[in-house]
1. Looking only at segment 120-139, how many residues end up being of a type in the set (A, V, I, L, M, F, W, C), free of Cβ contacts under 8 Å to residues at least 60 places away in the same chain and open to solvent by 40 Å² or more (accessible area, probe 1.4 Å)?
2. Please work out which one of (1) part of a strand (DSSP E or B); (2) open to solvent by 60 Å² or more (accessible area, probe 1.4 Å) is the condition residue 217 fails and give its number.
3. Residue 226 - would you say it is touching a residue at least 12 places away in the same chain (Cβ under 8 Å), under 25 Å from residue 434 (Cα atoms), crowded, with 24+ Cβ neighbours inside 10 Å and within 15 Å of the chain's Cα centre (by Cα)?
4. Identify, by number, the condition in (1) at pLDDT below 90; (2) open to solvent by less than 40 Å² (accessible area, probe 1.4 Å); (3) in contact with a Lys or Arg (Cβ under 9 Å, 6 or more places away or on another chain) that residue 404 doesn't meet.
5. Of the residues in segment 284-296, how many are assigned to a helix (DSSP H, G or I) and open to solvent by 20 Å² or more (accessible area, probe 1.4 Å)?
6. Just one of the numbered conditions (1) part of a helix (DSSP H, G or I); (2) closer than 30 Å to residue 311 by Cα; (3) open to solvent by less than 50 Å² (accessible area, probe 1.4 Å) is not true of residue 371; which one?
7. Return the residues of segment 250-279 that are over 20 Å from residue 189 (Cα atoms) and in contact (Cβ under 8 Å) with a residue 60 or more places away in the chain; say none if nothing qualifies.
8. All but one of (1) in contact with a Pro (Cβ under 7 Å, 6 or more places away or on another chain); (2) over 13 Å from residue 411 (Cα atoms); (3) open to solvent by less than 50 Å² (accessible area, probe 1.4 Å) hold for residue 249, so report the exception by its number.
Amino acid sequence: MLARVRSGALIGIDAVLVEVEVDMALGLPFFNLVGLPEGAVRESKVRVLSAIKNAGFDLPQKRITANLAPADIRKDGAAFDLPIALAVLAAAGRLEEKTMARLLFAGELALDGIVKPIKGALPLAVAARDAGLAGIVVPAPNAREAAVVDGLQVIGVSHFKEVLDHVEGHSAASVTPHALPAFSTGGEGVPDFSDVRGQEHVKRAVEVAAAGGHNALLIGPPGSGKTMIAKRLPGILPQMSFPESLETTKIYSVMGLVPADRSLVTERPFRAPHHTISDAGLIGGGPVPRPGEVSLAHNGVLFLDELPEFRRNVLEVLRQPLEDGSVTIARAALSLTYPARSMLVAAMNPCPCGHLGDSQRACVCQLQAVQRYRARVSGPLLDRIDIHVEVPAVRFRELASPQDGEASTAIRARVDAARVRQRHRFRKHAGIHCNAQMTPRLIRRFCPLDSESEKLMAAVVDRLGMSARAYDRILRLARTIADLAASDGITTQHVAEAIQYRTLDRKLA
């Protein structure tokens, strides 16, 4: 007898429908599983048979063949346990196949029949809705995540017997209602900029970075507040939109990182990997490619502390996502693209000892050592970082001041106003949401300079020998500074401030 049950497989951050076909025929008792299953899927037959037995069913001694169609897509993870178990019972004549025809099933089965959480519940729910199915059956801890998808009945279950009772009509499992969480409106849970003493020009640079979505590099001695400032950046970024939240949650869903008590990622991510991370850990990879830290920071902040300590090959693979806003991982069997449009904020010391240029402590590094240290970060990578700003050591007078710094809410209000101007400017340009994303053609259109600004730029480019990319970065920065000032045009003052944020270009002159 042949039975079919629908499930789904993850491909990148999306899912495709998979039809679980089970045939039960005469022959020596054997369970054969085909359809390009990976390790966890191949082992599912052991869990499935134990769960069925512990649910009170005795299967006939026949040959069981299970196929996961389409057979040319690799299947990974334990989410196929539940649909395989249901298809086996339907093939044995213990369940009516038609009662499951309009549902998608996904869940990992314990040997005693408990349904355990899975990865990718949100993409599976989207695939079920897009396919016109009536509902999806998932583990109870994943139900809130799947219920974000409107127009789909989401049924959360805790045990295999609950699924059987629901399918047979003995008792209906609880349906999780569709509901969207409240979005963060003020960086709740994020440290506040009012804690930062002094460093007013650094806070201004970070404000410009947040207003235009620009990458930033903070250069200063240990203890000057580089990490402290970076951790407060998410608190001044604009509130996430629903499309941004949905796309970010998909990434976290396929990694199994969505908390059971939350249905969406509603606050901008802040990822700070250690400098010992591998290129696969940062960009993504593995036998079955998974997102890396740069994708987990999508629509948020990727913070790389001690930038020169990262391995050279790790930093170089950042160049494509910084430029394109996505990561493509190619394997022999498939090629996957993950979104990776995040703000890169990096921090480094000015020299190996960390005190070059410090008025309080003398640097003990030789010139060659300083040059080797800075050469760990390549020029092409620095070209992709819009803002280079020095973070000097904080003086005692500023540390001891009882007066708080400006609060994040006040800075965020200015950032929001600048972003509104940018959204209006780029409303007819799909995929462009902030100044940092402008193409060369858009830069020429939206960043015209007056005669005085052109003279200033010409002098700076000739003197510093800037690359074309660095020139574009300055124009983007000037446009953002003008937006913060609510100015339609770019003035000499805006250009001058933008040039000040190219510290390393000036140092090389």
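1. Pass one, segment 120-139, residues of a type in the set (A, V, I, L, M, F, W, C): 121-122, 124-128, 131, 133-134, 136-138.
Next, from what is left, pick out any that are free of Cβ contacts under 8 Å to residues at least 60 places away in the same chain: 125, 134, 136-138.
Imposing the further condition that a residue be open to solvent by 40 Å² or more (accessible area, probe 1.4 Å) reduces the set to 134.
Result for segment 120-139: 1.
2. (2)
3. no
4. Condition (2) is where residue 404 drops out.
5. Residues of segment 284-296 assigned to a helix (DSSP H, G or I): 293-296.
Filter once more, so that each one left must be open to solvent by 20 Å² or more (accessible area, probe 1.4 Å): 293.
Adding up the residues that qualify gives 1.
6. (3)
7. If the condition is that a residue be over 20 Å from residue 189 (Cα atoms) and in contact (Cβ under 8 Å) with a residue 60 or more places away in the chain, then 250, 251, 253, 254, 255, 256 are the ones that fit.
8. Every condition holds for residue 249 apart from (1).
The values are calculated or read from the model by the stated rules, or taken from the named source; none is laboratory data. Just so you know, these numbers come straight off a predicted model, no measurement behind them. Positions of Cβ are generated from backbone atoms using ideal geometry, with glycine treated the same way; all protein chains shown enter the neighbour counts. Ligands, DNA and RNA are excluded from the accessible area calculation, which covers all protein heavy atoms including side chains. Shrake-Rupley method; radii C 1.70, N 1.55, O 1.52, S 1.80 Å.
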